[in-house]
Amino acid sequence: MALGFIKKVFTFGREKPAEEQAPAEDLTGVDAPVVDVSPASEPAEPASPPSVPSGHLPDEGGDRLEGEAPVEQEAQSQADASGAKEIEAAETSGSLEVESQEQPEDRQAIEPEQPADPEANVVSEEHPIEPISSLVGEMSDRTEGGEEASANSDLSSKNAETPTAPEPSFETSEPSVEAPNLPKGFSTAASAPEPVPEAPKQKLSWFQRLRAGLARTSSQLSGQIAALFTKRKLDDQTLQDLEDLLIQADLGVETAMRVTDTLASERYGKDVTSEDVGRIMAQEIAKVLKPVAKPLQLDLSHKPHVILVVGVNGTGKTTTIGKLAAKLSGAGLKVTLAAGDTFRAAAIEQLKIWADRTKSDFIGTKLGADAAGLAFDAFQQAKANKSDVLIIDTAGRLQNKAELMAELEKIVRVLGKLDPDAPHTVLQTLDATTGQNALNQVEIFRNVAGVNGLIMTKLDGTARGGILVAISAKHKLPVYFIGVGEGVDDLEPFEAEDFAHAIAGTGAVNSQ
Ligand SMILES: Nc1nc2c(ncn2[C@@H]2O[C@H](COP(=O)(O)OP(=O)(O)OP(=O)(O)O)[C@@H](O)[C@H]2O)c(=O)[nH]1
């Protein structure tokens, strides 16, 4: 392919390509591509504001349960046919890959003539793009075991499931921007989400799934509570035993004390049933969770609203991005996904499959390339293609690896050069099975990357779901969604009451 054409593709959407080659200090002066937000200038955008479908997206292969095998085959064949091919091409050519769902002919693997790193002239020695072979050792730092990394590498087809329509409820934050009907779990400052009646059966089904997911947490706890309160009046020793029990269940000291204090004030010296304890526990847990159960607020005046997703390896970043993209694009928003996890080929492939499935644009680069450079380019491309939302994946990293955390800091810094407010949302995914370590993860990622919202994954089947209560009490960061499975539907807006009841093993209030 002629080099001239390749250059054009590489600089797609950039008005001043020469400036992009400037050193980092000059980046503040880089003119971001002018984004015309008027609908008329967006030929590929829907003529009417995005609307939330009431049912599922058009079925592309059956739902998760019924169509699992075909979807996996399809995902695998897609990976073989396109994703893997392009990634392979990118790996060998050192390319930046930009795929537009609207302009598939623009998908090219190209030779960059300049470093992808926008700070390259300044930091190239500090953060050189490393050969893949040298990354192998470093990748072992990012994973607690080789098995996990290789296990994750097999996930792409597993995760490529047909997206289904989001439950309605988004908000946008700028009055001047036409607010779409956002899926449930998102909001904007300007408009309250329109209450859309939901089928009770579907909602109940969700709560049943939440209950099932947290069954190990709640049954373990309620079994111990029942044993503690058999034929005993409430005295100091019982209260102390209960407090210990709640702390062991990862709920945290603060919440454990709230429960015992309330219980003591109501029932001290009297008979207590495990139902009494469950009721008070649900009530006190809900009090802790309500202030953090918030919708993810999108400011669509940014065009795009940039969401950076960070977290320890294997916590579910890529899967969660796919689930979010399905919700957003299902609501009619234009979404771009950027594969900032440049350390794991399977992660790039996995995100590419999610982009295809969710009809999102995809931006990737070669394995081992500078992640901050990719984030910078992705931001420019997402501006140029008038995306509403850009979601950037990052490589998993242990919070105690200073060098890797510095890389994350650099991604945030570089995005801020194109928009001082970017990234507008820094989402951290937390694996519920981690237990107490998650508290420390939030502390460090928050300090380094400015995490301003959480998503807890893998709440299905863990006995450690109580940790979300301790994290909420300590960090008070918004919890936007929770993941209760690997499928595209298995991400739900976080509901304080539902969660509290599911943990306490009591009846749901919201979901009935
Ligand atoms: N059971 C369950 N599995 C999940 C959930 N979310 C993600 N997973 C699975 O967790 C594994 C890791 O998910 P990824 O999305 O690859 O995690 P990641 O954080 O991107 O991983 P790295 O790129 O290695 O940092 C995959 O097998 C996912 O399918 C969830 O809510 N429940």
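We did not get these values from a lab; they are worked out from the coordinates using the rules stated. In this text the structure is predicted, and so the values were computed from the model without any measurement. All Cβ positions, even for glycine, are placed from backbone atoms using ideal geometry, and neighbour counts span all protein chains on display.
Things to note:
- Dipole magnitude of the stretch 203-292 about its Cα centre (Cβ charges: Lys, Arg +1; Asp, Glu -1), debye to nearest 20: 580
- Taking amide hydrogens as placed 1.01 Å from N in the peptide plane, the amide H of D431 sits under 5 Å from those of T457, each at least 5 positions away in sequence or on another chain.
- Taking other C-beta atoms within 10 angstrom as a stand-in for reagent exposure, S360, S387, S301, S274 fall in the order S301, S274, S387, S360, fewest first.
- Per-residue Karplus couplings for the stretch 444-456, computed as 6.51 cos²θ - 1.76 cosθ + 1.60 with θ equal to phi - 60°, are listed in order as 6, 5, 5, 5, 7, 10, x, 3, 10, x, 10, 10, 9 Hz, Gly and Pro entered as x.
- In Hz, Karplus ³J(HN,Hα) per residue of the stretch 371-384 (6.51, -1.76, 1.60; θ = phi - 60°; x = Gly, Pro): 5, 5, x, 4, 5, 4, 4, 5, 4, 5, 5, 5, 5, 5
- Per-residue HN-Hα couplings for the stretch 284-300 [Karplus 6.51, -1.76, 1.60; θ = phi - 60°; Hz; x = Gly/Pro]: 6, 5, 4, 4, 6, 7, 4, x, 9, 7, 10, x, 6, 7, 9, 9, 7
- Ranking of M405, M281 by count of other Cβ atoms within 10 Å, fewest first: M405, M281
- Other-chain or far-sequence residues with amide H under 5 Å of H305's (modelled H): V389, L390
- For F481, distant residues with modelled amide H under 5 Å away: M456, F494
- At q = 0.12, 0.21, 0.26 Å⁻¹ the log10 of I(q)/I(0) for the stretch 203-292 amounts to -0.37, -1.04, -1.43, computed by Debye summation with a single uniform scatterer per C-alpha, solvent ignored.
- Fewest neighbouring Cβ atoms within 10 Å first, the residues I411, I455, I247 line up as I247, I411, I455.
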